[in-house]
Amino acid sequence: MHTVSLHSAGMSLDACIKCNICTSYCPVSQVTERFPGPKYAAPQSERFREIGQPRSPDASVDYCSGCRVCNEVCPTGVRIAEINARARAQMVAEQGLSLRNRLLGRNELLGKAGSLAPRLANFLLHNRLARRLAAALFGVAEQAPLPRWHTEKFTRWLARTDMHRLRSDRKVVYFHGCATQHYEPFVGMATVLVLEHLGYEVIVPRQNCCGLPLLSNGEFGAAERYHRRNVERLTTYIEVGYPILGSSTSCTLTLKEEAPELLDLEGDAGVRALKLATWDIFEWLRERQEQGDLPTDLHRLNDEGKPFTLPYHAPCQLRAHRIGKPALDILAQIPELELRESHARCCGIAGTYGYKVEKYQIAMDVGAELFGFVAAQYAGLEASSSFACTACDSETCRWQLEHGTGLPSRHPIEILAAAYGLYDLQARRPRGGN
Amino acid sequence: MLDLLVIGAGLTGLFAAYAAARAGLRVRVIAKGMGATHWHAGTIDLLGYLPGEQKPVADWVEAVPELPAAHPYRNLGVDAIRTAMVEFQRLVAGAGLPYESAAAGPWFAGVAGGSGEQDGRNSMLISPVGAPRPVYLAPAAQQPANLADTRPMVIVGLTGMPDFYPTLIAENLCRQGHRARGATVPLDKLTARRDNSPLQLARLFDEPAAQARLAEMVADVAAGERVGLPAVLGLHRHARTCAHLQEATGARAFFEIPTLPPSVPGLRLDTALRESLAGQGVRVETGMEACGFGTDGRRIEWVESETGSRPLRHSARNFLLATGGILGGGIHGDRCGRVREVVFDLPLTAPQARSQWLRPLFLDSRGHPVFQCGVAVDARCQPLDESGAPVYDNLWAAGAVLAHTDPIRERSREGIAIATGYAAAAAVARDVSPPPAADN
Ligand code: SF4
Ligand code: SF4
Ligand code: SF4
């Protein structure tokens, strides 16, 4: 059982100088009075949390969405979000876990179950009555943007198109994550097409959920089992030097840092090797670009000679990697693409946070800043009949963006695949023989 | 390839990045966190006290030549400081947050002591506890706090806002011979929160309904005096909030008094800088802590920042160190008393024994050695080694990381940031694209 222990995150609280910068930027405490903000929840309350203490002194920490904006802005490096995550784990250890949180934490299981009969699952999950029931029985917010199961899983597409897949001496490993596997296989397709366009063979080994939803709901024991299994499955590739690339910013962050740090596995050699071998897809592409290895046959995305306006939001999950905004560096090469960088702090959804009945409205209020930014990018532009979308690297954030703006949202890798002429951005499927 | 990588996103780093971008350079900023702008009063304190003097500086143009020869201001000279200030004023005015010399504000015409013209004149404004603060430039909302104005004041606090004590401020002002009293207005109709941070209140007063309510309540408690309020009068719609209040309270002057952090005037300034940078196409990447660098001996080739996995490399032609001093995190002191500059391990003018960091008296008028330590630079803002030669050919430093100044005691923090940041950016720009030869 994990309780609050002596760990790097907890040690960092001594660095707090009480400047309140984190509170100034915490998007949750800005919109709700139920959460007093990072400084109070983490460095302040943490001093009153003790190993074996019967009750956590501050239950409001459950309202922290885990977006990590506070970590990003803290001038002294306090790992506030991690302290909060541990406090939540302690509360779970004390009080048990609701069925709802247990379900939301098992994204992968849900994904698999739905994929058995995707049409039925979509019907069951997406009709009004079912959503109302889910809200009443489990506390899953009725309006929150639940994804739809795709009729073909990503790995099934891979198997079906196996004879078209590139074989090459240069190889990379792709960690697709649950969302790509069950809901958005086209993101995986776009990733594979781009990597093959660069001349790499894409290996997709067996893998399971990175465990992040379990971590954010405080189920540390189950998360550790998940993580250890991934380490086992990926080790052979890491040993021969293949990079592990992911298109889901939350999965890659979990492999790099969240799991090792929150689960106190930083000393484990396999865990460490995986941490160092993992790349966000655009982080890796930027490295290729710097080496001059990125093909430059990029085409514009529109036919009419009008610039294509693309509001781009770097999700908090990506910012937590601390690698900058590599997608901006790459997409900037696409001709006639008007990239608009969002400075909004968070879309609100923060993984499974915005799916919870009591947090849905908070998530929408947090997202308002981002939705407003997107709307402003089209203000003054004449309504165009051609395709328009936003871009964001994280799946749940894309769903929230679509929910909040009414515009479709795409992973930047889909944008890049389209610019290479490999992918239909609107229909979300490969062009040509695939 | 970038022409300039700025490390640090405080006032120094952001303003230097802006100046460099305006000069046509390709610039990026990386920073560990948000920068110290959020802790500060949002005024530009240029030079409030000369070392060892109790009397505040009345005019910095006259006082600068009296500073020790090694001081960064002496290094730059009065003209360079003035140019930087003018450029700063141009930036903030363009961002809708005009700064003026507090001694030259339009409201001040006719008040005794006001010259109406802007030279190096400081003004005394009011600190969060009612002490006088020598300030050079102030945002419009703080200018009427000028203590040279002898009209009586009422300092208005808000219930539900901790850490702002109108009676204490008023008593302190009276003790200095000013006429002031304290009053409190209830906020319970506007917010149920009892622990409002200045920032939450500022966001609240971005709303027209809250502005109107505040204006009513202020008109009720003010009996014709000028009104001092905590600096919470709007964040994103600050100008509108002030206009609204001015209209509703009639001709009465009102002003903001800075609060404890998070400081809303500091946040407004930070926002103005970031928006101006975005307008110049400059990216500011936060959450990136510089943790290593590579060099060929003479030139820095890259700087690495820490990430969730392997370090990230940033290559550039030039690097500007704007990481701050011991308070901002640019200089680190360990438990054994060693003090080091955190990115390039540059030579420091620092006492390397913990026993010598601090003087025995907390409020010693000479200040504490550890707060005065820093990186020595030449007139082009390039860090120097012990022999007085530049350590690297393409490395520059500005702001609180510099040696031979004690910004806390001198009240020169923002002045140093702006003047040295601008000078460093200008020197880099000259280096990257030297001015055309005279004959063409
Ligand atoms: S992680 Fe996000 S919601 Fe939680 S305290 Fe930090 S900023 Fe606030
Ligand atoms: S930003 Fe960091 S140092 Fe400042 S109050 Fe928050 S945790 Fe403490
Ligand atoms: S974080 Fe990634 S692996 Fe984990 S549940 Fe989400 S998509 Fe799946």
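Each residue, residue A:357 and residue B:193, gets one label point 7 Å from its Cα in the Cβ direction; the gap between the two is 2.7 nm.
Rounded to the nearest 20 debye, the dipole size of region A:356-421 about its Cα centre is 80 debye, using +1 on the Cβ of Lys and Arg and -1 on the Cβ of Asp and Glu.
Relative contact order for region B:279-334: what percent, with Cα pairs under 8 Å and sequence separation of 6 or more? Could you put the intermediate results ahead of the total?
On the way: 56 pairs, mean separation 10.9, N = 56.
Across region B:279-334, relative contact order equals 19 percent.
Considering only A:331, B:176, A:195, whose Cα is most displaced toward the positive end of the charge dipole of the protein assembly as shown, charges sitting on Cβ of Lys, Arg (+1) and Asp, Glu (-1)? Result: A:195.
Between the Cα long axis of helix B:264-279 and the first principal axis of chain B there is an angle of about 50°, rounded to the nearest 10. Radius of gyration (Cα atoms) of chain B, expressed as a multiple of 2.2 N^0.38 Å: 1.01.
Nearest 0.05, what FRET efficiency do residue B:247 and residue A:34 give at R0 = 30 Å with Cβ-Cβ as r?
Values: r = 36 Å, r/R0 = 1.19.
E(calc), rounded to 0.05, equals 0.25.
Local charge for residue B:347 was computed over the other residues whose Cβ lies under 9 Å away, with Lys and Arg +1 and Asp and Glu -1, and equals -4.
Could you rank the peptides B:326-338, B:145-157, B:235-247, A:181-193 by their average count of other C-beta atoms within 10 Å per residue, with the highest value first? Each step should come with its number before you reach the end.
On the way: B:326-338: 16.5, B:145-157: 20.7, B:235-247: 18.0, A:181-193: 25.5.
Result, highest mean Cβ count within 10 Å first: A:181-193, B:145-157, B:235-247, B:326-338.
Since only A:404, B:383, A:317 are under comparison, the one whose Cα sits farthest along the positive direction of the charge dipole of the protein assembly as shown, derived from C-beta charges on Lys, Arg, Asp and Glu, is A:404. Compute the long axis of helix B:11-22 from its Cα atoms, compare it with the longest principal axis of the Cα atoms of chain B, and write down the angle in degrees, 0 to 90, nearest 10. Helix B:11-22 and the main axis of chain B meet at about 70 degrees.
Only bridges with both residues in the protein assembly as shown count here: give the DSSP antiparallel percent, nearest 5.
On the way: 26 of 74 bridges.
Percentage antiparallel, nearest 5: 35.
Placing +1 on the Cβ of every Lys and Arg and -1 on the Cβ of every Asp and Glu, with nothing else charged, gives the protein assembly as shown a dipole about its Cα centre of roughly 2060 debye.
Rounded to the nearest 0.05, the FRET efficiency derived from the C-beta distance between residue B:315 and residue A:170 at R0 = 25 Å is 0.55.
Our coupling estimate for region A:267-278, obtained by passing each phi through the Karplus curve with A = 6.51, B = -1.76, C = 1.60 and θ = phi - 60°, is x, 6, 4, x, 4, 5, 4, 5, 3, 7, 8, 7 Hz, Gly and Pro reported as x. Counting Cβ atoms of other protein chains within 10 Å of each residue's Cβ and taking the mean over peptide B:282-294 gives 3.
Ignoring lysines fewer than eight residues from residue B:32 along the same chain, the ones with Cα atoms less than 20 angstrom from its Cα are A:18, A:39, A:256, A:325.
Most tightly packed first, judged by the mean number of other beta-carbon atoms within 10 Å of their residues, the peptides B:191-204, B:35-48 read B:35-48, B:191-204. Helix B:413-432 against the longest principal axis of chain B: what's the angle in degrees, Cα atoms only, rounded to the nearest 10? Relative to chain B, helix B:413-432 is tipped by roughly 40 degrees.
Of all aspartates and glutamates in the structure, those lying under 12 Å Cα to Cα from residue A:153, and not within fewer than 8 positions of it along the same chain, are A:184.
Taking a ≥ b ≥ c as the square roots of the Cα gyration tensor eigenvalues, with a/c under 1.5 meaning rounded and otherwise prolate when a/b beats b/c, else oblate, which class fits region B:115-226? The shape class here is prolate. Under 5 Å between amide hydrogens, built in the peptide plane, is the criterion, and for residue B:155 it picks out B:181, B:182, B:183, B:228 among residues at least 5 positions away or on other chains. Extending 7 Å from the Cα toward the beta-carbon at both residue B:345 and residue A:306 defines two label points whose distance is 5.8 nm. Count Lys and Arg as plus one, Asp and Glu as minus one, and take only other residues whose Cβ is under 14 Å from that of residue A:421; the net charge is then -2.
Work out the P(r) tail for the protein assembly as shown: percent of alpha carbon pairs separated by more than 42 Å, whole number. Counting every Cα pair in the protein assembly as shown, those more than 42 Å apart make up 37 percent. With K and R counted +1 and D and E -1, the other residues having a Cβ less than 9 Å from that of residue B:45 yield a net charge of +1. Calculated FRET efficiency, residue A:276 to residue B:212, Cβ-Cβ distance, R0 = 56 Å: about 0.45 to the nearest 0.05. Using C-alpha pairs below 8 Å separated by at least 6 residues, the relative contact order for chain B is 22 percent.
Rounded to the nearest whole Hz, the Karplus-based 3J(HN,Hα) values (6.51 cos²θ - 1.76 cosθ + 1.60, θ = phi - 60°) of region A:343-358 follow the sequence 10, 5, 6, 7, 7, x, 5, 6, x, 9, 3, x, 8, 8, 3, 6, with x at glycine and proline.
Just so you know, all these numbers are worked out from the coordinates, no wet-lab data involved. Predicted model only: the values in this text are computed from it and were never measured. Cβ sites come from the backbone with ideal geometry, for glycine too, and all protein chains shown count toward neighbours.
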